[in-house]
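A.B. asks: Can you keep this structure in mind? I'll have questions shortly.
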There are 2 protein chains.
Amino acid sequence: MPEIDLTQATNFDLWKHSYAARAENLAVSEVRALFSVVSRPEVVSLAGGMPDVSALDGDLIEKAFQSMMATRGNYALQYGGGQGDPRLREQIQEIMALEGVHGSVEDIMITTGSQHALELISDLFLDQGDVVLVEAPSYVGAVGIFRHKEAHIEHVFTDDQGISPEALREAAERLIETGHKVKMLYLVPNFANPSGVTLTAERRVEVLKICRELGILIVEDNPYGQLYFGQEPPKAIRSLDDQGVVYLGSFSKIFSPGLRVGYVLAPPAIREKLVLANESAILSPATFAQMLVSEYLAISDWQGQIATYRDLYKTKRDAALSAVQQYLPKVHTTRPDGGFFLWLTLPEGLNSKDMLPLAVTELVAYTPGTAFYGDGRGANNIRVCFSHPTAENVAVGIKRLSNVINQQIELNETFGSGS
Amino acid sequence: MPEIDLTQATNFDLWKHSYAARAENLAVSEVRALFSVVSRPEVVSLAGGMPDVSALDGDLIEKAFQSMMATRGNYALQYGGGQGDPRLREQIQEIMALEGVHGSVEDIMITTGSQHALELISDLFLDQGDVVLVEAPSYVGAVGIFRHKEAHIEHVFTDDQGISPEALREAAERLIETGHKVKMLYLVPNFANPSGVTLTAERRVEVLKICRELGILIVEDNPYGQLYFGQEPPKAIRSLDDQGVVYLGSFSKIFSPGLRVGYVLAPPAIREKLVLANESAILSPATFAQMLVSEYLAISDWQGQIATYRDLYKTKRDAALSAVQQYLPKVHTTRPDGGFFLWLTLPEGLNSKDMLPLAVTELVAYTPGTAFYGDGRGANNIRVCFSHPTAENVAVGIKRLSNVINQQIELNETFGSGS
């Protein structure tokens, strides 16, 4: 009689035969595995893309709450419509206009963070094997959704001016010619997650032209557009075309992610289907959170709050870039003009995923580059998120990181990368 | 040259060729079409299943908010973990124990209302053509999700003691024998939506036995269990089996639906996948709403609030039953011992969907029975929701409804149902 494998017995899954095919594609994200590490106070986390909500004014949130309860308390506590609150949608019009985006209140839908907007859009468009074109690297949460939908994720060459129009055309035409359905281009044109790069105005026009010509829907995800450190970024792609672009926005980075309030602006026929999908998935977006955001926008200097965030993150970005220059001379970094992230490229042969446990013993955490690719690339990349720790701790974290990286570089130079 | 059809031009969908196959199954729910009607103050709505949140104590919610902001404000405003707050999960253990359900904090996950729990479970298990067994009638939101997943929805005969074990076995065996994958049984055992009936203790044991034997997962949805008007309902099916049952609960009916906080308790292997799916869909459930519920539970007499709801809904149920007896002598009604709903059966030949516009001119709204079937049945049924209007208005609404129904009965008796 064979010995009983207790590990197997404990993990026994009575329902293993019963899962849907798509369940195979639910992978543990590389960011998620870090959660337990990140929460230890002695670790400087450059991992999760969290805003610094300590810069919010608690009194204003309290005032917004009180005003909401006094004027619309029972409304806030009740179910709402699947599309979201009309007043909040009007306020969102105002916010989108800051980036040149104009759309009807009827075509805006509120979502449970913009992540859920992307989930609903992907569910609406992606059959198994359909192609999604994305930046190289691309947002980890988007890669996860596309993988879950069993889509083919095609990374398109991206440099410090954003996604390359030439490479985009080449990839799209090649895939269409070989019989693939290229359904959408997903991109974060401003201060991208994870690269920090911004798509130039010229390239926005070219990208739009290519997608129009080839019948590819553009999903423009813009959580960071207002968090610029110098000049404003170019106007949104959606400002150039109201039929070929689905536009995603969020209150997570300009206000608070704990409320989970995002939004999507879509052409009418798509929006109509998205509302049905939203209702099917959650009945209605949380009225309470929507009302609180709406009151906050109504009574506060919310643009002043965004300016506060800008100054804060600029200081942290500066700290991050100085520290990289000082402690990581052999590492390439992007130089973002806004947002939350640096994208580091280590010398060939280094593996950022293998290095992570070493980094954690040095009390620093980050996200390995492979998380941002659907095809295994990114092994010698690291995403550094500078938004959450203090500027001082950003520098401390990068110094700690350099202990690991520089030692690995030295080892590789001495013994070769195969060692 | 043919004339241009302007209607068609306005509804033109540039992306019609591009949708996924499953998008075909996004139907406008019959409840949703009523939203604009229901919001008119002169209409008595017996339609949407909304709690009477005016019975909540606003001061307590304010105290919960202040305590939360003082002690854990920055936590509430930040992203959280995909599984939800550990303290709230402990409090949920206490709530579930009221119905005999005991499970590890590790196996509870917080969701955006229990609707999203059902969406995630369905996405995890249902491939196209897989069978879901449901009550006859079944919850409209569940029918919508299963249809969206392209599942085969099989309604099993249900009487005033709940779903019939004999019919369940017959349907399951027949479908398995004909090569179908029967993946799950979905049911609302206590004061069901829409029928109001409760599954007897004896039948719970039998249903569980059948599902165990045939390898069918039970999804037990229990939003109304604590809203009993006399005796407590039998213990949950989950109290009898921790491996074959996924258990759903919600704060929507015992506290507030505007916060969108529900939960699921699942066997470890399923729970693990559900957490990944939750993270993929929304990153993390709203920390703010979770903290507010958690503080509310910590500082308030929440069981007292549930008792208040019980008394209130019992009064409304009594008003509804008296009014049906008085004004609708030829209509059969279920006699629920808890929850929100009566299920009316009109004489053969009447069509509740066709009657709805007439009802609206009489200033009353309801949900037609067909909404609760995936197969077109329910044409002579009506769901009456008595939870939201005042008891007086419940009676007024049913009297208005009787004007339409009794006139239709008379017409049918005079001219025959084919007229």
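A.B. asks: How many of the residues making up the stretch B:103-123 are away from every other protein chain (no Cβ under 14 Å) and either part of a loop (DSSP other than H, G, I, E, B) or at positive phi (or both)? Don't jump to the end; show me each part of the working.
C.D. replies: So in the stretch B:103-123, the residues away from every other protein chain (no Cβ under 14 Å) come out as B:103, B:105, B:108.
Of the ones still in play, those that are also either part of a loop (DSSP other than H, G, I, E, B) or at positive phi (or both) are B:103.
Adding up the residues that qualify gives 1.
A.B. asks: Of the conditions (1) in contact (Cβ under 8 Å) with a residue 60 or more places away in the chain; (2) part of a helix (DSSP H, G or I); (3) more than 7 Å from chain B (Cβ to nearest Cβ); (4) closer than 29 Å to A:Ala281 by Cα, A:Phe65 fails just one. Which one is it?
C.D. replies: (3)
A.B. asks: Hey, could you check the stretch A:262-274 for residues that are within 7 Å of another protein chain (Cβ to nearest Cβ) and among the hydrophobic types (A, V, I, L, M, F, W, C) and say which is surrounded by the most Cβ atoms within 10 Å (Cβ to Cβ)?
C.D. replies: Looking at residues that are within 7 Å of another protein chain (Cβ to nearest Cβ) and among the hydrophobic types (A, V, I, L, M, F, W, C), I get A:Ile270.
A.B. asks: Let me ask another. Hey, does the stretch B:277-291 have a residue that's outside any strand (DSSP E or B), closer than 20 Å to B:Ser387 by Cα and touching a Gly at 6+ places or on another chain (Cβ under 6 Å)? Steps first, please.
C.D. replies: Of all residues in the stretch B:277-291, those outside any strand (DSSP E or B) come to B:277-291.
Now restrict to residues that are closer than 20 Å to B:Ser387 by Cα: none.
There is no residue in the stretch B:277-291 that is outside any strand (DSSP E or B), closer than 20 Å to B:Ser387 by Cα and touching a Gly at 6+ places or on another chain (Cβ under 6 Å).
A.B. asks: Return the residues of the stretch B:124-149 that are more than 10 Å from every other protein chain (Cβ to nearest Cβ) and closer than 11 Å to B:Lys183 by Cα; say none if nothing qualifies.
C.D. replies: Of everything in the stretch B:124-149, those that are more than 10 Å from every other protein chain (Cβ to nearest Cβ) and closer than 11 Å to B:Lys183 by Cα turn out to be B:Gly129, B:Val131, B:Val132, B:Leu133.
A.B. asks: So B:Gly100 passes all but one of these: (1) assigned to a helix (DSSP H, G or I); (2) under 23 Å from the mean Cα position of the chain (by Cα); (3) away from chain A (no Cβ under 11 Å); (4) surrounded by fewer than 19 Cβ atoms within 10 Å (Cβ to Cβ). Which condition number does it fail?
C.D. replies: (1)
A.B. asks: Another one. Could you tell me whether any residue of the stretch A:162-180 is among the hydrophobic types (A, V, I, L, M, F, W, C), under 17 Å from the mean Cα position of the chain (by Cα) and within 30 Å of A:Ala47 (Cβ to Cβ)?
C.D. replies: Checked against the condition, which is being among the hydrophobic types (A, V, I, L, M, F, W, C), under 17 Å from the mean Cα position of the chain (by Cα) and within 30 Å of A:Ala47 (Cβ to Cβ), the stretch A:162-180 yields at least one hit.
A.B. asks: Could you please find all residues in the stretch B:319-340 being surrounded by 15 or more Cβ atoms within 10 Å (Cβ to Cβ) and closer than 13 Å to B:Ile398 by Cα?
C.D. replies: B:Ala319, B:Ala320, B:Leu321, B:Ala323, B:Val324, B:Tyr327, B:Leu328, B:Val331, B:Thr333
A.B. asks: Here's a follow-up. Looking at this structure, is B:Ala277 buried (at least 17 other Cβ atoms within 10 Å of the Cβ), in contact (Cβ under 8 Å) with a residue 60 or more places away in the chain and either of a type in the set (Ser, Thr, Tyr) or over 30 Å from B:Gly73 (Cβ atoms) (or both)?
C.D. replies: no
A.B. asks: Given the conditions (1) within 13 Å of chain B (Cβ to nearest Cβ); (2) in a helix (DSSP H, G or I); (3) closer than 21 Å to A:Gly225 by Cβ, which single one is not true for A:Gly304?
C.D. replies: Of everything listed in (1) within 13 Å of chain B (Cβ to nearest Cβ); (2) in a helix (DSSP H, G or I); (3) closer than 21 Å to A:Gly225 by Cβ, A:Gly304 misses just condition (1).
A.B. asks: Please go through the stretch A:329-346 and give me each residue that is among the hydrophobic types (A, V, I, L, M, F, W, C) and either closer than 18 Å to A:Ser45 by Cβ or not in a loop (DSSP other than H, G, I, E, B) (or both), ordered by number.
C.D. replies: Filtering the stretch A:329-346 for residues among the hydrophobic types (A, V, I, L, M, F, W, C) gives A:331, A:340-344, A:346.
Within the stretch A:329-346, A:Phe340, A:Phe341, A:Leu342, A:Trp343, A:Leu344 meet the criteria.
A.B. asks: Looking at A:Gly48, A:Gly73, A:Gly82, can you tell me which residue is in a helix (DSSP H, G or I), within 9 Å of chain B (Cβ to nearest Cβ) and not aromatic (Phe, Trp, Tyr)? Outline the logic, then answer.
C.D. replies: Values: A:Gly48 fails: in a helix (DSSP H, G or I); A:Gly82 fails: in a helix (DSSP H, G or I).
The match here is A:Gly73.
A.B. asks: Are there any pairs with C-beta distances below 6 angstrom linking a residue in the stretch A:141-158 that is farther than 11 Å from A:Asp130 by Cα to a residue that is in a strand (DSSP E or B) and not acidic (Asp, Glu), with the two at least 6 apart or on different chains, and if so which?
C.D. replies: Pairs found: A:Ala142/A:Tyr186; A:His155/A:Val134; A:Val156/A:Leu133; A:Val156/A:Ile163.
A.B. asks: Quick one: A:Leu350 ticks every box in (1) closer than 14 Å to A:Ile382 by Cα; (2) touching a strand residue (DSSP E or B) at 6+ places or on another chain (Cβ under 8 Å) except a single one, so which number is it?
C.D. replies: Evaluating A:Leu350 over (1) closer than 14 Å to A:Ile382 by Cα; (2) touching a strand residue (DSSP E or B) at 6+ places or on another chain (Cβ under 8 Å) leaves (2) as the failure.
A.B. asks: So the check is Cβ under 9 Å with 6+ separation or different chains; which pairs have a first residue in the stretch A:91-106 that's modelled with pLDDT under 95 and a second one that's of a type in the set (Ser, Thr, Tyr)?
C.D. replies: none
A.B. asks: Considering each residue of the stretch B:226-238, count those that are closer than 14 Å to B:Gly100 by Cα and touching a Lys or Arg at 6+ places or on another chain (Cβ under 9 Å), and give that number. Working first, answer last.
C.D. replies: Step one: list which residues in the stretch B:226-238 are closer than 14 Å to B:Gly100 by Cα, which gives B:226, B:232-238.
So of that shortlist, the ones also touching a Lys or Arg at 6+ places or on another chain (Cβ under 9 Å) come out as B:226, B:234-237.
Looking only at that region, the number is 5.
The values are calculated or read from the model by the stated rules, or taken from the named source; none is laboratory data. Model, not experiment: these values are computed from the prediction. Don't worry about glycine lacking a Cβ; one is built from the backbone with ideal geometry, like all the others, and counts go over all protein chains shown.
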